[in-house]
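I have placed the structure first, in the form of structure tokens, so that the comments after it can refer back to it.
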Amino acid sequence: MLTFAVVCLLFVGSGRASGESGKAWGVYQIYWQPFQFEQQLDEQLASLGGQCKYTLFFRDLSPKRGFPKSAVEICRQRGLTPVISFELWEGSRHRQDGGLQEVEEGKHDAFFAKWARDAAAYGHPVILRFGFEMNGDWFAWGRQPERFKKVWRHIHAIVRANRADNISWMFAPNVLSPGQDPKEHLYPYYPGDDVVDWVGLDGYNFGDHHDKWHAWSTYQEVFEPTIRAAQAWGKPLLISEVGCADDGRKSG
């Protein structure tokens, strides 16, 4: 059975493929309830033996959830910047188009306006990783570049209109597969320099036995082509999801 590392973050600077300066670690922690999040995050931080800078967790369009006040405050108290990975559907209601069409049509405007007001009231930095891996076909909001960009800019405008200036926006595509052209599989999804603050990249080494489309890959093979392509945007860069299959070639 294959196992993968937890999601983690590594700040690698403004789109540079191999710079050594400006690195900082982060961690993923699942968020069900505040007490669980706090306890497990503390256990995780204690096990690492070093100071992290970011904590990533997931949220969605579920009306009862809204802005995660408790989770971001728990992060702030530990000197961590929260990275909220926002899924464009309501919990388990995974329709073919997810909530992307509904968001485009304005059906969730009130949700996002309230979300933004609560974020503004919190007042401390939060990174919003909105509709991640939109250039893949495994999420309902994927492979719809024009609609995705329209939705991004629409929600960005709502957040700014409600004065949530403490929110910065992360554009987080999946890394390019071998042979993919960024002009076709990456750049068409980018919503614009004026509405993007960070670039995040998601990439995994699935190993030799996951499926016929994957084989053992080094870090350089997984990430470097997309990091080079992302230099065009000149934004601060995070490796926002990473994992590696169990294998004798896996270090650590």
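Scanning the stretch 178-197 for residues that are among the hydrophobic types (A, V, I, L, M, F, W, C) and either in contact (Cβ under 8 Å) with a residue 40 or more places away in the chain or under 14 Å from Gly142 (Cα atoms) (or both) turns up Leu186, Val195. If only residues of the stretch 22-39 that are closer than 18 Å to Tyr219 by Cα and modelled with pLDDT under 85 are counted, the one that is surrounded by the most Cβ atoms within 10 Å (Cβ to Cβ) is Ala24.
Might you let me know whether the stretch 106-114 holds any residue that is within 29 Å of Phe223 (Cα to Cα) and under 20 Å from the mean Cα position of the chain (by Cα)? Among the residues of the stretch 106-114, not one is within 29 Å of Phe223 (Cα to Cα) and under 20 Å from the mean Cα position of the chain (by Cα), which makes the answer no.
Scanning the stretch 35-84 for residues that are part of a loop (DSSP other than H, G, I, E, B) and more than 20 Å from Ile239 (Cβ to Cβ) yields Gly49, Asp60, Leu61, Ser62, Pro63, Lys64, Arg65, Gly66, Phe67, Pro68, Arg78, Gly79.
The values are calculated or read from the model by the stated rules, or taken from the named source; none is laboratory data. Since the structure is predicted, the reported quantities are computational estimates derived from the model, not experimental observations. Backbone-built Cβ (ideal geometry, glycine too); neighbour counts: all protein chains shown.
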